[in-house]
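Notes for the one structure printed next.
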Amino acid sequence: MFEIKDKDLAGRIGVITTRHGKIETPYLFPVINPRKQELSLQDIRDIGFSAIITNAWLINKYYGSEAIERKLHNLLEFDGPIMTDSGAYQELHYGYVEADPIEIVRYQISIGSDISVILDKPTPSNASLSEALESVRETYRRALRVIDIIRGSDNIWVYPIQGAPYIDAILEAVEHAWNPIIYNTFGLYAIGSPTKLLERYDYSTIIRVVAEAKMRLPPDKPVHLFGAGHPMIIPFMVALGIDTFDSASYILYARDERLMTPRGTVRLQELDYLPCVCPICSKYSVKELKKMNKKDRIKLIAKHNLYVIHQELKNVKQAIRENRLWELLEEKAKSHPSLYDAFETLIRYHNYMEKRAPSFKSLARGIFLYDTPSIYRPHVMRHRQKIMQTYMPGYENILFLPLNSHVKKDLSLYVKKVVENTVNNMDYSEVIFYIPFFGLIPLNIIDVYPLFQFEIPDYVSESVLKDLVEFFFEFLRKLDSTATEKRNIYVFSAKDVNWSIKVTNSLKHNINKYLFKHLFIEFINI
């Protein structure tokens, strides 16, 4: 049902196979109102969306047995995969709907939806912890009531993880998800109730909720995020392991004459120029959109919004393929203060993402490292951990050399020149490069990806420089704690880069704490 094709961080490109076709993830299901749909399903398909989501409760209310007779795909005139929600959103919005958990499950089976959601109990945005826990428990009770019905169907069933924003409630919901009865019956999990958080731009809380749930959910199942569809937040959610989304924001924003951008949302009235080069923004001007009738304007803005969402999904997939998802997050984080806060929260979960990220990828390209957040990139953290945990120099002379882009152009000549001017015998020397972000790179593994396939600024921030020095001394402490005899430590510095470990009296004093012979040489022209 779900096949993973590629991964980066905790994000993955995968394929969900349904009766009406395959869905490549990450994917967003555009929400379709069966009675009021300004944008035709053909328009939505032409933009690039091959699967949709609609509401089984509304279908039942307006079409009843007609949908059972004609089947959902014929009713909507759409031959791709269709996901159906159960009416739980209406229950959350209105407080009560006339829907029975058993009957709504049977109805979804009878109309032939591909991916179906049980009638869960959503957590209200203003719920107390006790109310959130009750929504989790009621969702579980309802799931158990329909287990036998679900098992006999061909639908892919969704088990909702409610309880947000309370982590205790989320953890209880995840515990239910691991119950063999639930795990063996449901093909997809979905994290619920983020809509109000999204409206408040409280992305940090969403990051925390999704991370705490996703890092504990079964890794072999796709995970959906209800009601999240803005391009601002999609890359962050994918990085944490969200595979699919659904949203009506494309049309809701259009009715309010708001246009999505990768960095936020802008009102048409505030624009002098349209924000992208999609077919809508390329064909029309702001002035032309303002002059046309409202119905046509809403339709065109909705199309623009879907184009932007679709482009963001493609950007994320390409970033996963190239091992650049972390870079995409760093770039996005600087586009809005709320995203910067979200990225700071996401960094706290770097160990989780590092464990899920692949060690090697055939399509991986050289990586870019910018500032302090780049230190927490999985490849960087993985290398630093190995240096501290497993690497031990085996020679008497240890040469610490600065490594930058100029040196990388002729590395062998650089090393030869240094050795000839110091110890004169490479056979008894161990060369270790020091550099921001990675910390230390032994010469004998310099060809291991991405230790030579990276770019960094010539001048790095004070925080990155401080991290380098702290890592350097941590490594010296490790050597000191395991030393059986004294070694010669050569530390080279350079005046043309701000991150070089300068040979100063302070440095010498700190080194003298350790049981080494010392020789410092300032090598300027690197």
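Relative contact order, whole percent, for the chain stands at 12, derived from Cα pairs under 8 Å and 6 or more residues apart. Beyond 18 Å in Cα-Cα separation lie the following of the pairs Lys299/Lys332; Lys121/Lys196; Lys61/Lys299; Lys36/Lys61: Lys299/Lys332; Lys61/Lys299.
Across the chain, counting alpha-carbon atoms alone, Rg and Dmax equal 27.9, 89 Å. Take the chain, mark every one of the chymotrypsin sites (Phe, Trp or Tyr not before Pro) that falls in a DSSP loop and has at most 12 other Cβ within 10 Å, then report the longest stretch left between them, sites excluded. Within the chain, the longest run free of exposed chymotrypsin sites (Phe, Trp or Tyr not before Pro) spans 97-272.
Exceedance of the 26 Å cut-off in Cα-Cα distance is limited, within the set Lys214/Lys303; Lys221/Lys314; Lys214/Lys317, to Lys214/Lys303. The stretch between Lys386 and Asn179 holds 70.9 nm of extra length on full extension. This uses 0.36 nm per residue minus the Cα-Cα distance.
For the pair Leu413 and Ile102, label points projected 7 Å from Cα toward Cβ lie 8.3 nm apart.
Between Arg35 and Phe452, what is the FRET efficiency for a Förster distance of 45 Å, r being their Cβ-Cβ separation, to the nearest 0.05? Working from the Cβ atoms, E equals 0.15. Taking every alpha-carbon pair under 8 Å whose residues sit at least 6 apart, the stretch 154-206 reaches a relative contact order of 43 percent. Label point of Lys295 set 7 angstrom out along Cα-Cβ; within the stretch 14-37, amide nitrogens under 18 Å from it belong to 33-37.
Between Val15 and Lys486, the simple label model (points 7 Å from Cα in the Cβ direction) yields a spacing of 6.5 nm. Taking label positions 7 Å along the Cα-Cβ direction at both Glu199 and Glu270, the computed distance is 1.8 nm, reported to one decimal. Within the straight-line cut-off of under 20 Å between alpha carbons, the aspartates and glutamates reachable from Lys486 are Glu396, Asp427, Glu430, Glu474, sequence neighbours fewer than 8 places apart in one chain being disregarded. In sequence order, the stretch 291-304 has phi-based couplings of 7, 6, 5, 4, 4, 5, 5, 4, 4, 5, 5, 4, 4, 4 Hz under the Karplus curve 6.51 cos²θ - 1.76 cosθ + 1.60, θ = phi - 60°, and Gly or Pro positions carry x.
Computed from the coordinates by the stated procedures, all read-outs in this text should not be read as laboratory data. Worth saying up front: this structure is predicted, and the values here are computed from it rather than measured. Glycine gets a Cβ as well: all are built from the backbone with ideal geometry, and neighbour counts include every protein chain shown.
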